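What follows draws every value from the coordinates through simple rules; no lab data is involved. All figures in this text were calculated on a predicted structure; none of them were measured in a lab. Methodologically, a virtual Cβ is constructed for each residue, glycine included, from the backbone with ideal geometry; neighbour enumeration extends over all protein chains shown.
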Amino acid sequence: MTATTQDHDDQAYDDLAYNVFAKACPSRGTLEHVTGRWGGLTLGALYEGSLRFNELRRRVDGVSEKMLSQTLHALERDGLVHREAQPTNPPRVDYELTPLGRRVAERLLALIHCVEDAMDDVLAARARYDETRGAL
């Protein structure tokens, strides 16, 4: 890459309204919410449709009640998840993706499927690595 090309690329990043690579950019927090272990799995699970809290907790195997609650709050604040509380006895709360949440979840699911499809290769690479460098 020439200096001129690099300068052009740097300028393109500088012209972005939001730049996740900039430390102070608010998009960085949202990216963390979306790509964190529980955020990504929660968005993926909700892509299938509206779920109640305990249904979602069962679907996202291994998440604690506290972590799921924190994750849902963060995703709701970012506009990715809609929480609907119905005034019934006992109260019923449903969670579903917003249109923005669906767009993000579609892309996450593509990544999830890519990783799942590549797991034979990943496991083989891990075995090779461990053989040459010693298991951790």
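In terms of the Cα gyration tensor, with a ≥ b ≥ c the square roots of its eigenvalues, is the chain rounded because a/c is under 1.5, prolate because a/b exceeds b/c, or oblate? Oblate shape, in that a/c is at least 1.5 and b/c is the bigger or equal ratio.
Any idea what angle helix 119-133 forms with the longest principal axis of the chain, computed on alpha-carbon atoms, 0 to 90 degrees, nearest 10? The angle comes out near 50 degrees. A Cβ-based charge dipole, computed about the Cα centre of region 34-136 with Lys and Arg at +1 and Asp and Glu at -1, lands at about 340 debye.
Placing pseudo-labels 7 Å out from each Cα toward the beta carbon at Phe53 and Arg28 gives an inter-label distance of 3.2 nm. Around the amide H of Val81, modelled in the peptide plane, lie the amide H atoms of Glu76, Thr98, all under 5 Å away and 5 or more residues distant in sequence or on another chain.
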